[in-house]
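What follows is a set of notes on a single structure, which appears directly below.
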Amino acid sequence: MDLALEHILKGGVHDARFGLMLTDNAIELAMHELAKNKHSELKASWIQRERFQHTKELEEAMGRVFEAKLKFAKLEGLLTEEQARTVAIMHNFRNELYHVGLQHEAILPALSRFYFSTACTILEAYRIRYFSYWHGLELPERSKKYFTSRGDYSPAQQDDFAKACRTMDAQCNHKKSDTIRALADNMEQIIDDQDTNLDIVAEGVYVSQRRTRDQATVECQTWPLAFSDEGRNYAKERGFSGETLELLEWLGANYPLRFKKDPIPGWRRQVARLRSKASPHVALENYAAFMEHTAQLREALDESAVAAEAEIDRLVDERRGK
């Protein structure tokens, strides 16, 4: 956590990325340690084993699945329901950064501070019974500035861990308004880009392709659907037997599309509501829900707009004799 803080305080997006990954790793290690300690505690007492009601969840938390660890930590009271939702979302962000290579550059500095502050609050509540040395233990230099005891048998006082979390949280200096504003600004920029894309798609390349924005919204969804097994099977099961172009119209009228008209006005209202949130946890949940709910249409609009602009560029080059 101290290393994560060092990177986060530098303020750059690349350091923020590293800080967020380190924070997520610290949370996962703490949750795994919680499960290990509980497992050892139950192993030592058959009475507690008989009374314990979450044996299945504990066994799953001892494995490698993050979601299982999070579920058990919530059952044990380490996290609130709100904190657990935030950790789940941030873990997904971490996976996208680490495994998929997505950037999230516009929101990373704010999110890294928010996640770090949330992690400090969670870890501060972690119950530390005692600290002890074992043979060959070398205390990391980073921990020495937070641990006050230098005795032969304990590297720290019992409350040093909680104090360290509070100290790091204060140094992080996370501001709720910064997180909410960063999420809203990024969401608004995404919507502006899609507003432009929808104009391009609705205008088309040729006069015969011009349509309303509502029509363009529907066609962006039905076009890939008409060439998929899902769309064809859906239509076939309901008695459709026409050609592909007829299928496009049929799907537009009959398939339960997520968006039946121009979504931009509704999306802008969502931005306004997000800006009004008082809790960054709620703002993050709303942002993540928006991104997931709109992903398919945004991808379709991106592809359609790129295809239209490529055709326009081709026509321009053709006119210039290239």
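The values are calculated or read from the model by the stated rules, or taken from the named source; none is laboratory data. The shown structure was predicted, so the numbers you read here are calculated from the model rather than taken from an experiment. Every residue, glycine as well, gets a Cβ built from its backbone with ideal geometry; the counts of neighbours run over all protein chains shown. Side chains are part of the model used for accessible areas, which takes the heavy atoms of the whole protein and leaves out ligands, DNA and RNA. Shrake-Rupley method; radii C 1.70, N 1.55, O 1.52, S 1.80 Å.
Tabulated values for the structure
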quantity	calculated
Among the residues listed as Arg49, Arg64, the single one being outside any helix (DSSP H, G or I) and basic (Lys, Arg)	Arg64
Tally of residues being among the small types (Gly, Ala, Ser) and open to solvent by 80 Å² or more (accessible area, probe 1.4 Å) across region 189-210	1
Arg94 crowded, with 16+ Cβ neighbours inside 10 Å, out of contact with any Phe, Trp or Tyr (no Cβ under 8 Å at 6 or more places or on another chain), assigned to a helix (DSSP H, G or I) and among the basic types (Lys, Arg)	yes
Where a residue in region 274-302 is under 15 Å from Ala216 (Cβ atoms) and touching a residue at least 40 places away in the same chain (Cβ under 8 Å) and its partner, wherever it lies, is assigned to a helix (DSSP H, G or I) and open to solvent by 60 Å² or more (accessible area, probe 1.4 Å), with Cβ under 7 Å and at least six apart	Ala300/Pro224
Test: residue in region 120-139 that is aromatic (Phe, Trp, Tyr), surrounded by 16 or more Cβ atoms within 10 Å (Cβ to Cβ) and not in a loop (DSSP other than H, G, I, E, B)	no
Within region 301-311, considering residues that are open to solvent by less than 70 Å² (accessible area, probe 1.4 Å) and of a type in the set (Asp, Glu), the one modelled with the highest pLDDT	Asp302
Tally of residues being touching a helix residue (DSSP H, G or I) at 6+ places or on another chain (Cβ under 8 Å) and part of a loop (DSSP other than H, G, I, E, B) across region 216-251	4
Candidates Ala226, Ala235, filtered to the one that is free of Cβ contacts under 8 Å to residues at least 24 places away in the same chain and crowded, with 16+ Cβ neighbours inside 10 Å	Ala235
Residue among Arg298, Arg314 that is open to solvent by 90 Å² or more (accessible area, probe 1.4 Å) and part of a helix (DSSP H, G or I)	Arg314
Region 46-72, residues that are under 28 Å from the mean Cα position of the chain (by Cα) and more than 15 Å from Lys36 (Cα to Cα)	Glu67
